[in-house]
Amino acid sequence: MMTTPNQQPRKDTQAYVLTKSDIDSTTEAKHVHQFNEQAIRHTVSLSDIVGLTKFGLHLVRVEAGDETTTHHYHEESDEFIYVLSGELSLRYGDEHYVLKAGDFVGFPAHGAPHSMRNESDRDATYLMGGSRPDIDICNYPDIDRRMYNIRGQKEYVDLEDLGEI
């Protein structure tokens, strides 16, 4: 039931209510990160199901041994995670943290690069959310790459190929 930013919200409020049963019966989408084949997330995009367009909220499951993303930070988008179960190893800037159920982390736009890995022997689940600006730039310092997201269209450039004017 995804809506576009120009559509008016539905008057039928039931369309915006997801019960636990609704969520449990929704098939997860498997996402492999475009720059890291070891980063595999199994996701239910709660915000997309109910048609929210200004921010995203996703229920994410990461299997043992998998990573969540390529180490990165956004220039325009704020992000956060709230761990529901399991354990995740967080690399945030120059620091390392072990996250467990009940832990929350905010990742502000222009903040330190971040990434996580499930180093345990069981699945970890978390809520991941963030703003959805029309234009965002995502930087990947470990691989010297920058990705541009302009109204859903993504392009990237390796920084060695980026020229100055």
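The values are calculated or read from the model by the stated rules, or taken from the named source; none is laboratory data. Just so it is clear, the model here is predicted, and its values are computed rather than measured. Here the Cβ positions follow ideal geometry from the backbone for every residue, glycine too, while neighbour counts run over all protein chains shown. What goes into the accessible areas is simple: the full protein's heavy atoms, side chains included, and nothing from ligands, DNA or RNA. Shrake-Rupley method; radii C 1.70, N 1.55, O 1.52, S 1.80 Å.
Observations
- Per-pair calculated FRET efficiency, R0 = 22 Å: ASP94 and ALA64 via Cβ, rounded to 0.05: 0.25
- Listed options for Cα extents along the principal axes in Å are (1) 54, 48, 35; (2) 51, 43, 24; (3) 89, 29, 23. The value calculated from this structure is the one marked (2).
- Sparse packing (at most 15 other Cβ atoms within 10 Å of the Cβ) combined with a DSSP loop state is found for the following trypsin sites (Lys or Arg not before Pro) in segment 23-85: LYS54.
- Potential extension, LYS11-ASP24 segment - 0.36 nm per residue separation minus Cα distance: 2.2 nm
- Spin-label proximity, ASP121 to segment 64-89 - amide N less than 16 Å from point 7 Å beyond Cα toward beta carbon: 64-66, 86-87
- Residues of segment 119-156 falling in the label zone of HIS33, defined by backbone nitrogen less than 15 Å from a point 7 Å along Cα to beta-carbon, are 119, 138-147.
- Cut-off under 5 Å, modelled amide H: who pairs with ASP123 long-range: ALA64
- Phi-derived couplings, Karplus 6.51 cos²θ - 1.76 cosθ + 1.60 at θ = phi - 60°, listed residue by residue for segment 11-27: 7, 6, 5, 4, 5, 9, 9, 10, 7, 4, 4, 4, 5, 4, 8, 7, 6 Hz, with x used for Gly and Pro.
- Computed over the chain, relative contact order equals 21 percent, with contacts defined as Cα pairs under 8 Å that lie 6+ residues apart.
- For segment 105-120 versus segment 50-71, the gap between their alpha-carbon centres in whole angstrom: 12
- Legend: residues SER21, SER47, sorted from most to least accessible area (1.4 Å probe; ligands, DNA and RNA excluded), read SER21, SER47.
- Surface calculation, 1.4 Å probe, protein heavy atoms: LEU162 sits at approximately 80 Å² accessible.
- Legend: residues GLU28, GLU119, sorted from most to least accessible area (1.4 Å probe; ligands, DNA and RNA excluded), read GLU119, GLU28.
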